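The values are calculated or read from the model by the stated rules, or taken from the named source; none is laboratory data. Quick caveat: nothing in here was measured; it's all calculated off a predicted structure. Backbone-built Cβ (ideal geometry, glycine too); neighbour counts: all protein chains shown. Keep in mind that these areas ignore ligands, DNA and RNA; they rest on the heavy atoms of the full protein, side chains included. Shrake-Rupley method; radii C 1.70, N 1.55, O 1.52, S 1.80 Å.
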Amino acid sequence: MNPDLSHFQSSAMAKLRSRSFWSHLSDAFLFFAAAFLALVLVWSFWSYFTPTPNFLPTFTHPSSNSKNNPVESGFGVNLKSDPKDPTFYDDPEMSYSIEKPVKDWDGKRKEWLKHHPSFTAGARERIVLATGSQPKPCKNPVGDHLLLRLFKNKVDYCRIHGCDVFYNNLLLHPKMKSFWAKFPIVKAAMLAHPEAEWIWWVDSDALFTDMEFKLPLERYKNHNMVVNGWPELIYNKRSWTSLNAGVFLVRNCQWSMDLISTWSNMGPISEDYEKWGQIQRSMFKDKLFPESDDQSALIYLLYKEKEKYYDHIYLEKEFYFQGYWVDLIGVYDNTTERYLQMERKVARLRRRHAEKVSEQYAAFREEFLKETGKWKRPFITHFTGCEPCSGNHNQKYDGETCWEGMVKALNFADNQILRNYGFLHSDLLDSSTVTEVPFDYPNPTDGERFS
């Protein structure tokens, strides 16, 4: 072969191979660039439609098994982790019984929280609402239905404000019946919920009629108990109605454990039960029956041992911590109209929103409630004396008045819930029908002040 030709061919092949190499390299670069761009686009779309994963560490105790330790719940606490470290629950001497006192409860509760640190955040405001009813069906034909709606009302309130609910329909002590039945329940709730700072007892015949209002816990930071009452009626009048023990808030602490024990021992578990009734009757001239009762017992403790109890018990009278139903059912219609007037002027109060963010709108409404004065919704309406289950209502009331009053109060409260779901009771005495809420309800006025 001619060397020149051979050289030409070799040179040509080399150039061809060189061009082929760079051409392939260029094609490969374009391919990978396109693939990378496609990957970025796919990732971007995936990120947009998929929630961002949470890479923050969860709090666990060192002794817990990480393999069995789940991620935090949506509430920011670890509901599935209970380390093996011993707590008061492992003490065979610890008893839930109302007759067996609990000692060093503050220390026991603190130790439990140390082993369950995810519950520490927010513990100071954590509330468990406790309530209940009788073990058997109601004698009053409408009693069970009313109790169901009264319970639903409490569940609705707690769903909005994030408190847990314990509903009990058993006697946790065979002797502690009627108004004394609450004490074994409250003590058991304290022990079952060391993560909660407060236990909130609400009688079955009491209901929330301001679903937005939130307890001003900061006001009670130096107290261990909150109850609706009037000091002048306790110390000057010595009246049996100077406070109402059907609704109370008690701190989950040793002081409260001791109070529950002392308070309960004026009830049917005491050998001096009859004697306590006589003492209360002689002290409170307006007391109508001879048996010792929980309300008279608490007033007695406040009166006789003021130095021990008064500074620790907040007698709330600035709002309806619980209000007497006879005084309140007549104001619901006017109160509703006043709130609607407020909303007609303020677009933000009319804005539709998710139920989960209701507290934000409640806080905003507070700025305007100052103008309504006495027309603010009563927080809790208490149907004292109506006895919805037994039907044995106080004889000074007509039975139908009690039941109609309950229906009106329940629908008044229910409207505040239903509105988040797009409906309302147009008639507070008619529970069976609702109407759909139109957009931008109620219709704004020309003088709208805020957007």
What helices (runs of 4 or more DSSP H) lie completely within region 271-363 and have 3 or more residues being open to solvent by 10 Å² or more (accessible area, probe 1.4 Å)? 273-283, 294-304, 306-309, 332-345, 347-350
Show the residue pairs that are 6+ apart or on different chains and have beta-carbon atoms under 8 Å apart, the first residue being within region 208-225 and in a loop (DSSP other than H, G, I, E, B), the second being open to solvent by 30 Å² or more (accessible area, probe 1.4 Å) and among the polar types (S, T, N, Q). Asp210/Gln416; Met211/Gln416; Glu212/Gln416
Out of curiosity, is Pro135 open to solvent by 70 Å² or more (accessible area, probe 1.4 Å), modelled with pLDDT of 95 or more and not aliphatic (A, V, I, L, M)? no
Residues of region 257-270 being open to solvent by less than 50 Å² (accessible area, probe 1.4 Å) and touching a residue at least 60 places away in the same chain (Cβ under 8 Å), which ones? Met257, Ile260, Ser261, Trp263, Ser264, Gly267, Pro268, Ile269
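Here is a yes/no grid of residues against (1) at pLDDT below 90; (2) of a type in the set (Asp, Glu); (3) more than 25 Å from Val326 (Cα to Cα); (4) in contact with a helix residue (DSSP H, G or I) (Cβ under 6 Å, 6 or more places away or on another chain):
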position: Glu366; (1), (2), (3), (4): yes, yes, yes, no
position: Pro378; (1), (2), (3), (4): no, no, no, yes
position: Glu387; (1), (2), (3), (4): no, yes, no, no
position: Ser390; (1), (2), (3), (4): no, no, no, no
position: His393; (1), (2), (3), (4): yes, no, no, yes
position: Leu410; (1), (2), (3), (4): no, no, no, yes
position: Ser432; (1), (2), (3), (4): no, no, no, no
position: Glu436; (1), (2), (3), (4): no, yes, yes, no
position: Pro444; (1), (2), (3), (4): yes, no, yes, yes
Only one of Phe412, Phe379, Phe439 is touching a residue at least 12 places away in the same chain (Cβ under 8 Å), hydrophobic (A, V, I, L, M, F, W, C) and surrounded by fewer than 12 Cβ atoms within 10 Å (Cβ to Cβ), namely Phe439
When residues of region 233-256 are limited to those that are in a helix (DSSP H, G or I) and buried (at least 20 other Cβ atoms within 10 Å of the Cβ), the one nearest to the chain's Cα centre (by Cα): Ser256
Please verify whether region 168-188 includes one or more residues that are over 21 Å from Phe88 (Cα atoms), surrounded by fewer than 20 Cβ atoms within 10 Å (Cβ to Cβ) and touching a Ser or Thr at 6+ places or on another chain (Cβ under 6 Å). yes
Take Cys163 and decide whether it is outside the structural domain of Ser431 (by the TED database) and either more than 18 Å from the chain's Cα centre (by Cα) or within 26 Å of Ser432 (Cα to Cα) (or both). no
Strands (runs of 3 or more DSSP E) contained entirely in region 89-205, each with at least 1 residues that are without any contact (Cβ under 8 Å) to a residue 60 or more places away in the chain and among the hydroxyl-bearing types (Ser, Thr, Tyr): 164-168
